Structure formats: structure tokens, C-alpha cells
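What follows is a single structure, written as C-alpha cells, with notes after it.
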Amino acid sequence: MSRMTPLDASAVTDPELVELLGECEELGVPDPVFVRIFARSPDQLKPMLRAMLVSHRDGSVDHKLKEIIRIQLARFVDDPYFANLRSKKAIADGLTEEMIDIGCEDYEDSDLFSEREKVALRFAEQLFLDSTKVDKIFYDEMHKHWSDAEIMEIGSFVALFHGIHMVMKTYDARPLEAA
Amino acid sequence: MRYVEKISTDPDSFGDEDWADLRKYLSEEEVVELGMFLFMNLGFHTFFGTLKFYPMFSPDGRLVSQEESERLYGDKPESLQGEAAE
């Protein structure tokens, strides 16, 4: 049981928020539990949901890779809510639980991922396990595979979702449906 | 402030007692507002820290190069309170 009870679905009446909720349901991340918890402050929630959707669903970096990174981060902080959500778009694009599990732990020796993807997974991992390792040498390696714009996209995505997972962990919430 | 400190340094230590303490003083709306503020702050400072960029302006308001700004502000964040008081 979440420490912050989700509001009743009928309490979400702001038309813009209802539209954003629809986009979230279509993607699957976040699910209505998140929206109904944070709908207590709708004016703060609307720009936040837009940022989450744009950062995760849109952009030029492969959505499946961002979904693996997102789950990797949620597992690091042991957030049961976000660790158990799955992007419907990523699943439709071919993402499997095996890819997620390997991408979260044993990606370095796996043939499932290219060196480009491994560098991105390493970046996300190191950024919050030991950010001192993300130094000039690390960024030089990143630049062999990713453009400046892509590095900003991945870094901002990691930064945003890491913060979200840390807060959600303290709410002890669970998704509507487990992955 | 205790909540923020625990989230950022040791989220596993945040228990039911801490939550009850938080709810004693903040409404549900305030708790979620604080949470969303933290969404934007917990991770971005770590990411930005790895990019090694510095403020565009010196403490006295001059537009400065990144090299000069690095000399002025150094590697570690420090309060500018002392500068402002001078």
C-alpha cells in the first residue's frame, strides 16, 4: 500500500491533465497510479508529465535503450514502482525481459548490445554509482559513438528519471499491473 | 530538509517514522510538490557535475570565460554568501 494514496480517478478533471494521462496510459510509463498521486498539485504535475514523456518517448536515442536504462536505474535504487513498469512502445518495438535483465547487469559481455549501446548503459550506470568515473576520458569515449545532442538527451533522461525513482521509492508505491 | 537529506544520501533509511514526521508538518499537496521539485534536482546536479561547466557570471556580475569562471568558483560548490556581504 502506497504511503500516498492515489486520488480517485474521478478527481482528475483538468482537461490538459486528462489528455496527458491518456498519453501516459498509451506509453505505459508512468501509469495512472503516478498521475493520481501527483494530481494533488496539477499545475506542477502537467509540465512534469510533459517532460517525462518527451524525455522518454521522444528524441533521437532509441526508445528501447532508454527503457532499459530507466529500468536499470529503478533497480539500482530498488524502486518497486518504476522497476515494474514497462513501456508498451518498447515492447511493441521488440524489447524483451531477457534484454532488460542483461542490459541491467551483464551487458558488457553480451552480444545483444553494440559497443555504442554498451557505452550508454555504462554512462547511466556510472553516473549514479560513481560519477567521478564519468570524466573527460569517459566523455571522449562517449563522443566516439554519440553526438553532443544525444549525450545531452541520455544524460538529461538519466538525471530526470533517477530523481523520480528516488522520490517514488519513499512513497513505496506499486504499479497497477506488475511487469 | 531531513527528508531531502535522507533521499539524497540514504533513501533506504527512510522509514514509516520519517514519513509520519513529514506528514505532521506538510499537507498531501505540499508533499507531492516537494517530491516533484526533487525530481528535477536530485539527478541533474550529479549529471551537470560531470560536465564541468561553470556560471557565466562572476560574483560581481561580470561576464567571464569558462576558464576564468573555473578559477573563480573552483571544483567544489561553495556558498556565495561571503561574496554578497562584501
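Tabulated values for the structure
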| item | result |
| --- | --- |
| Cβ charges +1 (Lys, Arg) and -1 (Asp, Glu), total dipole of chain B, debye | 260 debye |
| The stretch A:84-179 shape via C-alpha gyration tensor axes, a/c threshold 1.5 | oblate |
| Between the stretch A:1-22 and the stretch B:1-64, the Cα center-to-center distance that results, in Å | 24 Å |
| Among A:G94, A:M166, A:S41 the positive-end extreme of the charge dipole of chain A (Cβ point charges) | A:S41 |
| Structure-based [θ]222 nm, chain A - -39500 (n - 2.57) summed over DSSP H runs of at least 4, per residue, nearest 500 | -19500 deg cm²/dmol |
| More than 12 angstrom apart: percent of Cα pairs within the stretch B:2-47 | 65 percent |
| Kyte-Doolittle mean at least -1.0, axial Cα span of 15 Å or more - DSSP H helices of chain A | A:15-27, A:42-57, A:63-76, A:115-129, A:148-171 |
| Three-way shape call for the protein assembly as shown based on the alpha-carbon gyration tensor, with the a/c threshold at 1.5 | oblate |
| The stretch B:1-66, relative contact order [Cα under 8 Å, separation at least 6], % | 18 percent |
| Over 24 Å (Cα to Cα) - which of A:K46/B:K24; A:K133/B:K52; A:K88/A:K144; A:K169/B:K24; A:K88/A:K133 fall in this group | A:K46/B:K24; A:K88/A:K144; A:K88/A:K133 |
| Sorted by Cβ neighbour density within 10 Å, fewest at the top, the residues A:R116, B:R62, A:R86 | B:R62, A:R116, A:R86 |
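Here, each number is a calculation from the coordinates, and none is a lab measurement. Keep in mind that what you see is a predicted model, and the values were worked out from it rather than measured. Neighbour counts run over all protein chains shown; Cβ positions are idealised from the backbone, glycine included.
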